[in-house]
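A.B. asks: Just dropping this structure here.
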Amino acid sequence: MRDGRIPAATVARLPVYLQVLLEAAEAGVEVLASEDLARAAGYNAAKVRKDLSYLGTHGTRGVGYDVDALARELSRALGLLEDRPVVLVGVGNLGRALASYDGFRRRGFHLAALLDAAPSVIDQDVAGYRVRAVEELESVVVEHDISLAVLAIPAAQAQPMVDRLVAAGVRAILSFVPTHLAVPDDVTLRRVDLATELQILSFYEQVVVDAPTTTTTT
């Protein structure tokens, strides 16, 4: 669960700041002004300073933020000082794409196990991982001390699987299932629905295209 003292909107921006800092470090930058951090992140400097103040980080006036120190602080806040093990449930087309996504490793996560229910998929090699049977879920969670899960299975199977994940000790779930899923108050669930995001984009694109032309008469 997130720190209750930090607003949810701020939490959502912290990974963006961290990515900017990691790229700056790779480029050899040691100090970054709040204006430069804000510009790279796509926010304004006042918002960046306020967000970072929740972490007790204020930078040095007239100088900026120590890139390495702030990256460590953000990593600590996000629980990423050590790589976090993740279980991926569902190895269909989307699951295979997720298993091949290098961004997990680069952002501080590693796939500890891939699980699926289809006999034709079990024991296959997918992106360098051996797919294990979903019946092994509880033992996999214990074996790898997993508290994070990614769900990419059909909607009809999703709620029972979420219930199993929660009962096994998973406390954070990223769902790619296009349906509402219920979890206890002490479990965090975030849903990514690509079709919904496209529909939202379509709405705004249509608003721009169909907006009436304003004419002025004198």
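A.B. asks: State which residue pairs qualify: first residue closer than 15 Å to Ala149 by Cα and at pLDDT below 95 and inside segment 103-128, second residue crowded, with 16+ Cβ neighbours inside 10 Å and of a type in the set (S, T, N, Q) in any location, beta carbons under 9 Å apart, and separation of 6 or more residues or different chains.
C.D. replies: Here the result reads Gly108/Ser75, each pair linking segment 103-128 to a residue that is crowded, with 16+ Cβ neighbours inside 10 Å and of a type in the set (S, T, N, Q).
A.B. asks: If a residue has to be closer than 21 Å to Leu37 by Cβ and assigned to a helix (DSSP H, G or I) to count, how many in segment 69-102 make the cut?
C.D. replies: Of the residues in that region, 9 qualify.
A.B. asks: Could I ask something else about it? Residues of segment 34-44 being outside any helix (DSSP H, G or I) and over 21 Å from Arg5 (Cβ atoms), which ones?
C.D. replies: Gly42, Asn44
A.B. asks: Starting from residues that are surrounded by 12 or more Cβ atoms within 10 Å (Cβ to Cβ) and part of a strand (DSSP E or B), keep the ones in segment 129-139 and report whichever is modelled with the lowest pLDDT.
C.D. replies: Tyr129
A.B. asks: For segment 191-205: of the residues being within 17 Å of the chain's Cα centre (by Cα) and outside any loop (DSSP other than H, G, I, E, B), which is surrounded by the most Cβ atoms within 10 Å (Cβ to Cβ)?
C.D. replies: Looking at residues that are within 17 Å of the chain's Cα centre (by Cα) and outside any loop (DSSP other than H, G, I, E, B), I get Arg191.
A.B. asks: While we're on this one: Pull out all pairs, ordered by first then second residue, where Cβ-Cβ is under 7 Å, the residues are six or more apart or on different chains, the first lies in segment 8-25 and is among the charged types (D, E, K, R), and the second is not in a helix (DSSP H, G or I).
C.D. replies: Short answer, once both residue conditions are applied: Arg13/Tyr43.
A.B. asks: Let me ask you something else. Check whether at least one residue in segment 45-68 is over 26 Å from Val150 (Cβ atoms), assigned to a strand (DSSP E or B) and of a type in the set (Ser, Thr, Tyr), and report yes or no.
C.D. replies: yes
A.B. asks: Looking at (1) polar (S, T, N, Q); (2) crowded, with 16+ Cβ neighbours inside 10 Å; (3) over 19 Å from the mean Cα position of the chain (by Cα), find the lone condition where Ser175 falls short.
C.D. replies: The failed condition is (3).
The values are calculated or read from the model by the stated rules, or taken from the named source; none is laboratory data. Values in this document were obtained by computation on a predicted structure and should not be read as measured data. Ideal geometry is used to build each Cβ from the backbone, glycine not excepted, and the neighbour counts take in all protein chains shown.
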